[in-house]
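**Q** Shown below is the structure under consideration.
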Amino acid sequence: MAERLSFHEQIQKNKIKSFLLIVVIFAFFIAVGFLISMAVDPGYFFVIMIFATIFSLIYTVFGYYKSAEIAIASVKARKATKAGDGKFWNAAENMSIASGLPMPRLYVMDSKEINAFASGRDPSHAVICATTGAIEKLDKQELEGVIGHEMSHIANYDIRFMTLTAVLVGMISIIAQIFLRNLWFSNGQDRKGNAWLFFAAMIAAILAPIVAQLVSLAISRRREYGADATAVKFTRYPPGLSRALRKIKSEHVDSAEMKKYPKAVAPLFISDPFKKKVQGLFSTHPPIDERIRKLERM
């Protein structure tokens with residue numbers, strides 16, 4: 001018999017792993033910037049870092065403060081009402097009480113698929129959007145499990161955490177682009193130092209954005225595991241969410257339905273709406289089977 005998992009331990013482990021991955025991205029940012037500046041001109045190190053930081057922050061901060069509005073508009077969701085969407089409303093109220101968080105603004109997206117997402121920079125500006133499929137196909141406990149998962153993202157400040165990740169990944173990409181574009185326009189005339197250092201900087205500039213994005217995806221998967229564990233803390237009933245995930249897994253992929261999901265918003269959903277067959281390093285979500293196995297051991 002498999003050892004029982006404590007949702008408290010799972011929450012703590014996922015927070016620690018997410019933090020360590022952020023440290024890895026930051027260290028990678030410093031290392032790549034230093035290597036490139038040494039290859040071009042050591043005096044450029046702080047100039048490159050400052051420029052990349054400012055540009056990435058300006059680019060990301062607007063999306064951060066408008067994240068909820070952008071996400072809701074992109075899926076063409078309507079505002080939920082207590083009279084017309086009582087099942088959804090009651091589930092959100094119950095999870096709001098269980099979590100101690102303010103009641104989020106609720107929206108409904110027209111889709112037959114079972115799915116939901118949360119967005120917003122903090123609990124006071126949070127929204128939860130559920131599909132019509134989720135509201136219709138899930139029973140009370142399953143829907144509360146899904147809403148509990150989304151409330152967990154709000155409680156854990158996952159939007160803020162992923163925004164920080166996006167800023168760091170953006171800075172790495174900017175540094176790499178500055179270096180590579182400089183090479184293109186200067187034909188290598190600004191080369192300083194030895195050839196091996198210059199070659200190493202060039203390889204780092206090519207690979208850095210890819211590696212940083214892979215680490216970002218790993219953080220996204222960690223936050224999903226963390227939200228599952230926190231949902232159990234709120235609902236005190238693991239089978240609710242695990243049954244909902246089983247229903248999501250068994251759904252048929254409808255190409256017409258997939259067109260309703262913008263790719264930029266897809267990582268926010270409780271399950272990958274495109275249901276990619278290939279799982280692994282390039283996935284925003286962990287495998288559903290693994291999530292179910294963890295829930296069944298709690």
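**Q** Residues that are at pLDDT 95 or above and in a strand (DSSP E or B): does region 72-93 have at least one?
**A** Yes, there is a match, as at least one residue in region 72-93 is at pLDDT 95 or above and in a strand (DSSP E or B).
**Q** Give the residues of region 263-295 that are assigned to a loop (DSSP other than H, G, I, E, B), surrounded by 15 or more Cβ atoms within 10 Å (Cβ to Cβ) and either touching a residue at least 40 places away in the same chain (Cβ under 8 Å) or of a type in the set (S, T, N, Q) (or both), sorted by residue number.
**A** If the condition is that a residue be assigned to a loop (DSSP other than H, G, I, E, B), surrounded by 15 or more Cβ atoms within 10 Å (Cβ to Cβ) and either touching a residue at least 40 places away in the same chain (Cβ under 8 Å) or of a type in the set (S, T, N, Q) (or both), then Val265, Ile270, Ser271, Pro273, Gln279, Ser283, Thr284, His285, Pro286 are the ones that fit.
**Q** Could you say which residue among Ile22, Ile11, Ile36, Ile16 is more than 30 Å from Ile147 (Cα to Cα), outside the structural domain of Tyr261 (by TED's automatic domain parsing), among the β-branched types (Val, Ile, Thr) and modelled with pLDDT under 90?
**A** Within the list Ile22, Ile11, Ile36, Ile16, the selection yields Ile36.
**Q** Within region 135-161, can you find the residues that are among the aliphatic types (A, V, I, L, M), buried (at least 24 other Cβ atoms within 10 Å of the Cβ) and either free of Cβ contacts under 8 Å to residues at least 24 places away in the same chain or under 12 Å from Phe88 (Cα atoms) (or both)?
**A** Result: Leu138, Leu143, Val146, Ile147.
**Q** Kindly indicate whether Ala208 is closer than 30 Å to Lys275 by Cα, touching a Phe, Trp or Tyr at 6+ places or on another chain (Cβ under 9 Å), modelled with pLDDT of 80 or more and not assigned by TED's automatic domain parsing to the domain that holds Ala77.
**A** Spelling it out, Ala208 is indeed closer than 30 Å to Lys275 by Cα, touching a Phe, Trp or Tyr at 6+ places or on another chain (Cβ under 9 Å), modelled with pLDDT of 80 or more and not assigned by TED's automatic domain parsing to the domain that holds Ala77.
**Q** Taking the condition of being buried (at least 21 other Cβ atoms within 10 Å of the Cβ) and among the hydrophobic types (A, V, I, L, M, F, W, C), how many residues in region 233-262 meet it?
**A** 5
**Q** Moving on. For Met258, only one of the following conditions fails: (1) in contact (Cβ under 8 Å) with a residue 12 or more places away in the chain; (2) assigned by TED's automatic domain parsing to the domain that holds Ala91; (3) under 30 Å from Ala176 (Cβ atoms). What is its number?
**A** Failed condition: (3).
**Q** With the checklist (1) surrounded by 23 or more Cβ atoms within 10 Å (Cβ to Cβ); (2) of a type in the set (D, E, K, R); (3) assigned to a helix (DSSP H, G or I) in hand, flag the one item Glu113 doesn't pass.
**A** Condition not satisfied by Glu113: (3).
**Q** Can you name every residue in region 91-102 that is surrounded by fewer than 19 Cβ atoms within 10 Å (Cβ to Cβ) and either over 20 Å from Lys233 (Cβ atoms) or touching a residue at least 24 places away in the same chain (Cβ under 8 Å) (or both)?
**A** Result: Asn94, Ala98, Leu101, Pro102.
The values are calculated or read from the model by the stated rules, or taken from the named source; none is laboratory data. Remember, predicted model here, so these are calculated numbers, not experimental data. FYI the Cβ positions are ideal-geometry reconstructions off the backbone, even for glycines, and counts take in every protein chain you see.
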